[in-house]
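The values are calculated or read from the model by the stated rules, or taken from the named source; none is laboratory data. Source: prediction; values computed, not measured. Ideal geometry is used to build each Cβ from the backbone, glycine not excepted, and the neighbour counts take in all protein chains shown. Keep in mind that these areas ignore ligands, DNA and RNA; they rest on the heavy atoms of the full protein, side chains included. Shrake-Rupley method; radii C 1.70, N 1.55, O 1.52, S 1.80 Å.
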Amino acid sequence: MPSTDPPLPSGVPFTADAADRWRAARTAHRWDSRWLVLLPLGLCLFAMVRAGLPAVCSPVQPCEQNWAEDLVAVALLAEALVLLARPRGQVLVPYALLPMVWYLPEGLPDGPSRWVVLLGQVLLAWLLTVVEAGRRRARQQLVDLMGPEAPYPWTAAGGPSPFAADLVRPTGRRVLGWLLLGTAVLLLGLGLYRQAVSDERAAGAQLVQGTVLSSDDAGDTTLRYRLPDEAADRSAELDVWWDVTPQQGDTLPLLADQDGWVRLAGDPYDPTVWVMAATLTGGAGLIALASAARAVRLRRGFDRPGAPALRVLAHPTESDELVGPLSGAPLWKLSTQEIRSRQDEAGAPDHVEEDEEEEFAYPADPMEALLYQGPDGEFAQLLVRSWEADDSSDVSRPPVDWTAVVCTPDVRPRGDRPSALAPPATAPTTPIPAGPVQAVRWSMPAPVRLASGPVAALLLGFAVVSRSDHGWWGGLLQPLMFGVLAFVGMVAALGWQAVVDRRGVWVATGLTCRQADWEDVSGAKAENGRVIIRIRGGGEFGFGNWVTRWLRPRGYRAEDLASAVAHAAAAEEHRPTGRAAGPLSYRQLMANRAVLAAYLLLTVVTFLNARF
């Protein structure tokens with residue numbers, strides 16, 4: 001057995017009341033997500049669609065480079081990269097973009113797009129401000145609760161820190177970051193160089209007339225032209241990105257020289273693609289460098305003799321650490337970075353890093369632990385718990401006094417109610433039913449469920465009929481690919497049904513139906529209003545989503561349903577004995593499949609009618 005000398009330091013107990021106060025202070029935590037990156041990307045895409053392509057470029061009406069539009073587009077892409085990296089100062093980004101969009105009205109194609117981008121930035125600024133304010137309030141509550149510092153276990157044992165910042169060498173990320181930054185500078189310089197060369201050659205070129213020989217929807221155009229002092233014709237292939245595609249036989253003004261260089265007159269070289277590529281590459285390089293610096297900064301807290309700590313209840317898993325108050329369900333999910341333990345040997349403590357997943361046995365039951373620093377702090381969190389290895393005779397796997405788990409400062413709250421875990425023994429707060437669980441049927445409200453498929457098909461069909469692009473990509477492939485994905489997503493979110501009875505679990509997601517016998521079900525869990533059914537052998541399927549939390553179907557509680565399924569899967573005496581009140585509506589599945597087929601047929605007919 002491992003020694004208990006030295007014992008783990010003491011910490012302030014984290015009670016259920018303190019957990020409730022933290023949860024109330026940490027408002028809008030669901031918006032603290034990388035999904036916010038879709039907002040600036042959507043705004044950038046909307047502005048590009050509104051801008052469209054130039055009608056025609058000619059010496060009379062030349063197309064000029066709009067650096068203001070490029071600046072706004074680069075700023076939106078940079079904002080998306082910042083939201084993807086999620087640094088602490090991301091709340092300042094929309095406040096920096098708002099004056100740029102306001103004082104550069106020429107940076108957007110028209111008034112509506114300018115106001116949409118402004119409103120989008122105001123919305124993003126408000127969301128990030130609310131999230132940051134909630135994080136600061138919750139963090140201050142933990143700081144006040146934790147009080148003075150508690151010594152680290154290695155400090156109490158008289159040894160050095162195994163997590164010192166000088167042991168972290170993120171060389172790979174630094175090298176990658178500098179390489180990406182160098183590539184970004186090279187791309188930007190190459191784009192500006194090609195623009196300068198194009199303008200220089202255009203100044204010494206001759207104005208000639210070219211005849212279009214062929215052109216396709218992608219803008220690839222082949223032209224025939226003749227220089228004034230030559231008798232033979234020449235040909236050239238150019239990319240003509242205009243709103244109206246040139247047709248065979250059209251005459252276009254060209255700038256050409258004796259070396260075979262050709263450019264459309266009035267259509268100067270546009271380095272926007274190079275600027276965008278440099279922005280994305282440089283942004284990725286900055287993220288890599290910032291990540292390397294952050295990896296070192298997070299370990300600075302371990303150079304001290306101690307830190308504020310809470311006494312919590314830990315639910316160890318192989319991937320994440322579930323942590324909660326001493327009495328209650330898990331509240332936080334912490335991302336594990338590194339695990340080290342102290343061997344129980346005479347003399348100086350020996351710190352060992354866990355290299356293989358099977359080196360130690362994870363505790364089967366929740367156990368008390370110390371959580372240093374706490375969530376949303378400046379440094380990495382450290383979860384220290386007493387931990388024994390399994391009873392193995394292998395001398396390479398000695399028993400340990402304590403195990404320290406380094407976790408990132410970020411935290412993912414577990415929600416207002418605990419999720420049902422499989423097996424139910426890992427969720428002690430979920431009461432065991434006295435007998436068989438009730439056979440029930442859940443679904444979205446009938447009007448929403450029945451209208452989801454037809455409404456989605458009508459909206460997508462209207463979009464197809466209204467499109468002006470009838471090429472292979474824009475008129476056929478794009479509506480087929482993205483239209484089917486949008487339809488499936490909508491009917492899966494709004495048209496699901498589920499039945500739990502003596503036969504097992506039946507789930508219909510708008511287009512398909514899936515059934516699992518109780519012998520094949522290993523457990524269930526609830527996340528954000530969605531119930532996930534786990535299948536023995538590693539598979540899973542589910543129903544419900546965040547829309548379900550808003551519409552709140554009558555009698556539907558994801559946590560209660562997941563708990564009932566988990567208990568029924570674990571013990572035969574808890575399985576339903578009867579059939580559900582109402583069966584699944586297979587007519588809805590047939591109707592959704594029919595309207596999807598009608599949409600596909602409409603897309604193909606519209607394309608063929610426009611093309612031929």
- Message: Report every pair of residues separated by at least 6 positions or lying on different chains whose Cβ atoms are under 7 Å apart, first residue within the stretch 549-566 and open to solvent by 70 Å² or more (accessible area, probe 1.4 Å) and outside any helix (DSSP H, G or I), second at pLDDT below 70 and hydroxyl-bearing (Ser, Thr, Tyr).
- Response: none
- Item | Unmet criterion (only one of (1) touching a Phe, Trp or Tyr at 6+ places or on another chain (Cβ under 8 Å); (2) closer than 22 Å to residue 406 by Cα; (3) among the charged types (D, E, K, R)) for residue 149 | (1)
- Query: Is there a residue in the stretch 90-104 that is at pLDDT 85 or above, closer than 12 Å to residue 72 by Cβ and crowded, with 17+ Cβ neighbours inside 10 Å?
  - Reply: yes
- Query: Restricting the search to the stretch 74-111, which residues are of a type in the set (Phe, Trp, Tyr) and within 16 Å of residue 126 (Cβ to Cβ)?
  - Reply: 95
- Message: Restricting to the stretch 567-612, name every residue that is under 14 Å from residue 510 (Cα atoms), at pLDDT 75 or above and either assigned to a loop (DSSP other than H, G, I, E, B) or not aliphatic (A, V, I, L, M) (or both).
- Response: 587, 588, 592, 593
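Please work out which residue is farthest from residue 558 (Cα to Cα), limiting yourself to the stretch 513-541 and to residues that are part of a strand (DSSP E or B) and of a type in the set (Asp, Glu). Don't jump to the end; show me each part of the working.
First pass over the stretch 513-541, keeping only residues part of a strand (DSSP E or B): 513-516, 521-527, 530-535, 540-541.
Those still in the list that are of a type in the set (Asp, Glu) too: 527, 540.
Values: 527: 8, 540: 16 Å.
So, considering only residues that are part of a strand (DSSP E or B) and of a type in the set (Asp, Glu), the one farthest from residue 558 (Cα to Cα) is 540.
Here's the yes/no breakdown for (1) farther than 26 Å from residue 64 by Cα; (2) at pLDDT below 85:
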position	(1), (2)
217	no, yes
226	yes, no
231	yes, yes
234	yes, no
242	no, yes
246	no, yes
273	no, yes
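Could you list all residues from the stretch 136-187 that are among the aliphatic types (A, V, I, L, M), under 30 Å from residue 24 (Cβ atoms) and in contact with an Asp or Glu (Cβ under 7 Å, 6 or more places away or on another chain)?
Pass one, the stretch 136-187, residues among the aliphatic types (A, V, I, L, M): 138, 142-143, 145-146, 150, 156-157, 164-165, 167-168, 175-176, 179-181, 184-187.
Those left that are additionally under 30 Å from residue 24 (Cβ atoms): 138, 142-143, 145-146, 150.
Selection gives 138 alone.
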- Answer residue from the stretch 380-413, given it is open to solvent by 10 Å² or more (accessible area, probe 1.4 Å) and in contact with a Lys or Arg (Cβ under 6 Å, 6 or more places away or on another chain) and is modelled with the highest pLDDT among those: 412
- Message: Given the criteria in contact (Cβ under 8 Å) with a residue 40 or more places away in the chain and part of a loop (DSSP other than H, G, I, E, B), does residue 158 qualify?
- Response: yes
- Item | Options 491, 507, 448; residue that is surrounded by 20 or more Cβ atoms within 10 Å (Cβ to Cβ), farther than 28 Å from residue 609 by Cβ and out of contact with any Asp or Glu (no Cβ under 8 Å at 6 or more places or on another chain) | 507
- Have a look at 199, 270, 217 and point out the one that is among the acidic types (Asp, Glu), part of a helix (DSSP H, G or I) and open to solvent by 40 Å² or more (accessible area, probe 1.4 Å). 199
- Give the stretch 105-117 a look and list any residue that's in contact (Cβ under 8 Å) with a residue 24 or more places away in the chain, surrounded by fewer than 21 Cβ atoms within 10 Å (Cβ to Cβ) and assigned to a helix (DSSP H, G or I), or say none. 106, 112, 113, 116
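How about the stretch 468-487: which of its residues are open to solvent by 40 Å² or more (accessible area, probe 1.4 Å), more than 13 Å from residue 598 (Cβ to Cβ), touching a residue at least 60 places away in the same chain (Cβ under 8 Å) and touching a helix residue (DSSP H, G or I) at 6+ places or on another chain (Cβ under 9 Å)? Give the derivation first.
Of all residues in the stretch 468-487, those open to solvent by 40 Å² or more (accessible area, probe 1.4 Å) come to 468-470, 472-473, 477-478, 480-482, 484-486.
When the remaining residues are screened for being more than 13 Å from residue 598 (Cβ to Cβ), the result is 468-470, 472-473, 477-478, 480-482, 485-486.
Subsequent filtering for residues that are touching a residue at least 60 places away in the same chain (Cβ under 8 Å) retains 469-470, 472-473, 480.
Answer for the stretch 468-487, where residues must be open to solvent by 40 Å² or more (accessible area, probe 1.4 Å), more than 13 Å from residue 598 (Cβ to Cβ), touching a residue at least 60 places away in the same chain (Cβ under 8 Å) and touching a helix residue (DSSP H, G or I) at 6+ places or on another chain (Cβ under 9 Å): 469, 470, 472, 480.
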- Message: Quick check on the stretch 118-136. Is at least one of its residues modelled with pLDDT of 85 or more, among the polar types (S, T, N, Q) and open to solvent by 70 Å² or more (accessible area, probe 1.4 Å)?
- Response: no
- Task: Give just the number: which of (1) over 29 Å from the mean Cα position of the chain (by Cα); (2) not in a loop (DSSP other than H, G, I, E, B) does residue 437 not satisfy?
- Result: (2)
- Message: Given the criteria over 30 Å from residue 87 (Cβ atoms), touching a Lys or Arg at 6+ places or on another chain (Cβ under 7 Å) and in contact (Cβ under 8 Å) with a residue 60 or more places away in the chain, does residue 261 qualify?
- Response: yes
- Pair list, Cβ under 9 Å, 6 or more apart: the stretch 212-239 residue within 11 Å of residue 252 (Cβ to Cβ) and β-branched (Val, Ile, Thr), other residue open to solvent by 30 Å² or more (accessible area, probe 1.4 Å) and in a loop (DSSP other than H, G, I, E, B): 212/247; 212/248; 212/249; 212/250; 221/245
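Among the candidates 196, 205, single out the residue that is more than 36 Å from the chain's Cα centre (by Cα), touching a residue at least 40 places away in the same chain (Cβ under 8 Å) and over 30 Å from residue 298 (Cβ atoms).
Numbers: 196 fails: touching a residue at least 40 places away in the same chain (Cβ under 8 Å).
Only one candidate qualifies: 205.
Can you tell me which residue in the stretch 137-155 is nearest to residue 306 (Cα to Cα), limited to those that are part of a loop (DSSP other than H, G, I, E, B) and open to solvent by less than 40 Å² (accessible area, probe 1.4 Å)?
At the first step, the residues of the stretch 137-155 found to be part of a loop (DSSP other than H, G, I, E, B) are 147-149, 152.
So of that shortlist, the ones also open to solvent by less than 40 Å² (accessible area, probe 1.4 Å) come out as 147, 152.
On the way: 147: 12, 152: 5 Å.
The qualifying residue nearest to residue 306 (Cα to Cα) is 152.
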